[in-house]
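**Student:** Have a look at the structure that comes next, please.
The values are calculated or read from the model by the stated rules, or taken from the named source; none is laboratory data. All of these numbers come straight from a predicted model, not from anything done at the bench. Cβ placement follows ideal geometry from the backbone for every residue including glycine, while neighbour counts extend to all protein chains displayed.
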Amino acid sequence: MMNGAAINGDRLLANLKRFADIGATPKGGVNRQALTALDREARKLLAEMALRRGFTVFQDEIANLFIRREGRNPDLPPLLIGSHLDSQPSGGKFDGALGTLSAFEVLETLEDQGIETERAVEVVAFTNEEGCRFAPGCMGSMAFSAGEIPASWQDLRAVDGAPFAGELAATLAGLPEAAMRPLGFPLYGYLEVHIEQGRLLESEDLPIGVVTGIQGTRWLDVEMTGQTAHAGTTLLKFRRDPMRAVTQALADLYQRIMPGDDQARFTVGRMSLQPGAVNAIPDNVRLTIDIRHPDTSALDAMEQVIGDMFARHAMALDCEASVTRIFDMPPAAFPSSMVERLAACADRLQLPSRRMLSGAFHDALFMNRIAPSAMIFVPCREGLSHNELEHVEPHHSVAGCELLAAAVRDLVGVSQDMPAH
């Protein structure tokens, strides 16, 4: 709580509903994909809300949207809080929006209570965290932390065929009231509220997760090559069947990787067979594998095991295998000072919490590379996310925002010199 009074929970919940109406789906979810007209509508609404409160609105060349409430010393690097507003095609109301609107509620509470901070506090809505329309995800925070937009992004096209460069230009042009600022600037720190996207908090009946870090992620492209032949006439001893080699390798990997390490994650997400005829042995099988772990050395070991396993089963069946790494996101550990501060604030607010690792990556992963960062998780029903049925209980939304508000006050220092509005 700030100055003895909670954030305005009713206002936060009303804003969540208001933004959920932008791109609302028939099943109660949200389809507000990055750099679409609906994404621009949400950005416009947030900017209008900010300007009405007297805050300053900025955007940078990747269309990250910033809302600044000035502090006593404008020369000090600001504390940044926020998340994103874009959604999955069949997304929920809370993924990203909860963090962005909780951050804006903190600014409004500071203003309502006339609290002056030593340094500025800024809200950010990062561009394209989800990565479903344009890949990769976390474009906004990735470009911000690097200080540049990768040249390769300029030629990207969305799954609907729209050019990235054109959609980005339209998004920037759609918010002329936001002054342009450089891409990347010094920060005091970064905080983000997010739904857990898992069942741990709900299963333990806890309102708060204090996130200690984000596990690393690698994506592997696996190709197994054999020889196509007639399904009805080719005896087993004459078959060079890549599908058989793949399934045998996967059976061994499923038994070995996750059962042997409860922090490991192993997922086959995509598979294709060629030539794809119902009555022909395939000559080519391709699949993707997603592996995750909080330890880089463990990721190295997992990748080695996967490569060796496919090679061994390929050789046994006179096939050829290749395993290529196509994506590598190193793990991130949040500074202990930030984690301890969040845990202490939760204790002061009498909000039961636990420390936990994030299985998904978020904008905080990239921000942690340039400034001390941390995350607050709140439970979501049955762990459902990236789903129209995604749901966060109202009191959990409010609790996450209250903890963010307390942590902001703790980090930036406050006084009561300003008259209350």
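**Student:** Are any of the residues in the range 123-137 surrounded by fewer than 22 Cβ atoms within 10 Å (Cβ to Cβ), assigned by TED's automatic domain parsing to the domain that holds A407, part of a helix (DSSP H, G or I) and touching a residue at least 60 places away in the same chain (Cβ under 8 Å)?
**Tutor:** So far as the range 123-137 goes, no, none of its residues is surrounded by fewer than 22 Cβ atoms within 10 Å (Cβ to Cβ), assigned by TED's automatic domain parsing to the domain that holds A407, part of a helix (DSSP H, G or I) and touching a residue at least 60 places away in the same chain (Cβ under 8 Å).
**Student:** If you don't mind, there's one more thing I want to ask. Could you please let me know if E320 is in contact (Cβ under 8 Å) with a residue 40 or more places away in the chain and assigned by TED's automatic domain parsing to the domain that holds R244?
**Tutor:** Yes: the conditions hold for E320.
**Student:** Further, regarding this structure: Report, by residue number, each residue of the range 207-256 that is hydrophobic (A, V, I, L, M, F, W, C), part of a helix (DSSP H, G or I) and free of Cβ contacts under 8 Å to residues at least 40 places away in the same chain.
**Tutor:** Answer for the range 207-256, where residues must be hydrophobic (A, V, I, L, M, F, W, C), part of a helix (DSSP H, G or I) and free of Cβ contacts under 8 Å to residues at least 40 places away in the same chain: L236, F238, L250, A251.
**Student:** For H391, all conditions in the list (1) in contact with a Phe, Trp or Tyr (Cβ under 9 Å, 6 or more places away or on another chain); (2) under 30 Å from L299 (Cα atoms); (3) modelled with pLDDT of 95 or more; (4) of a type outside the set (V, I, T) hold save one; what is the number of the exception?
**Tutor:** Single failed check for H391: (2).
**Student:** Test T233 against the criterion of being of a type in the set (S, T, Y), surrounded by 13 or more Cβ atoms within 10 Å (Cβ to Cβ), at negative phi and not assigned by TED's automatic domain parsing to the domain that holds M356, and give yes or no.
**Tutor:** no
**Student:** I'm trying to understand the selection: among the residues of the range 1-55, which are among the aliphatic types (A, V, I, L, M), assigned to a helix (DSSP H, G or I) and buried (at least 17 other Cβ atoms within 10 Å of the Cβ)?
**Tutor:** Within the range 1-55, L12, L13, L16, A20, L38, A42, L46, A47, M49, A50 meet the criteria.
**Student:** Tell me whether the range 162-171 contains one or more residues that are of a type in the set (D, E), surrounded by fewer than 18 Cβ atoms within 10 Å (Cβ to Cβ) and assigned by TED's automatic domain parsing to the domain that holds L38.
**Tutor:** Taking every residue of the range 162-171 in turn, none turns out to be of a type in the set (D, E), surrounded by fewer than 18 Cβ atoms within 10 Å (Cβ to Cβ) and assigned by TED's automatic domain parsing to the domain that holds L38.
**Student:** Here is a further query. Looking at (1) more than 18 Å from A360 (Cα to Cα); (2) in contact (Cβ under 8 Å) with a residue 60 or more places away in the chain; (3) part of a helix (DSSP H, G or I), which is the only condition L98 fails?
**Tutor:** (1)
**Student:** Output the number of the condition that G174 fails; it satisfies all remaining conditions of (1) of a type outside the set (D, E); (2) closer than 21 Å to A360 by Cβ; (3) touching a residue at least 24 places away in the same chain (Cβ under 8 Å).
**Tutor:** (2)
**Student:** Given the structure, is H313 assigned to a helix (DSSP H, G or I) and either of a type in the set (S, T, Y) or closer than 29 Å to D300 by Cα (or both)?
**Tutor:** When the stated conditions are applied, H313 passes them.
For every residue, the table says whether it meets (1) part of a loop (DSSP other than H, G, I, E, B); (2) more than 23 Å from L101 (Cα to Cα).
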{"site": "E167", "(1), (2)": "no, yes"}
{"site": "L172", "(1), (2)": "no, no"}
{"site": "E177", "(1), (2)": "yes, no"}
{"site": "F185", "(1), (2)": "yes, no"}
{"site": "Y190", "(1), (2)": "no, no"}
{"site": "V193", "(1), (2)": "no, no"}
{"site": "L201", "(1), (2)": "no, no"}
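**Student:** Consider only pairs whose beta carbons are under 8 Å apart and that are at least six residues apart or on different chains; among these, list those whose first residue lies in the range 53-72 and is acidic (D, E) and whose second residue is part of a loop (DSSP other than H, G, I, E, B).
**Tutor:** What qualifies is D60/R181; D60/P182; D60/L183; D60/G184; E61/I149; E61/L183; E70/A120.
**Student:** Can you say whether I306 is surrounded by 20 or more Cβ atoms within 10 Å (Cβ to Cβ), of a type in the set (V, I, T) and farther than 16 Å from E223 by Cα, as far as the supplied structure shows?
**Tutor:** no
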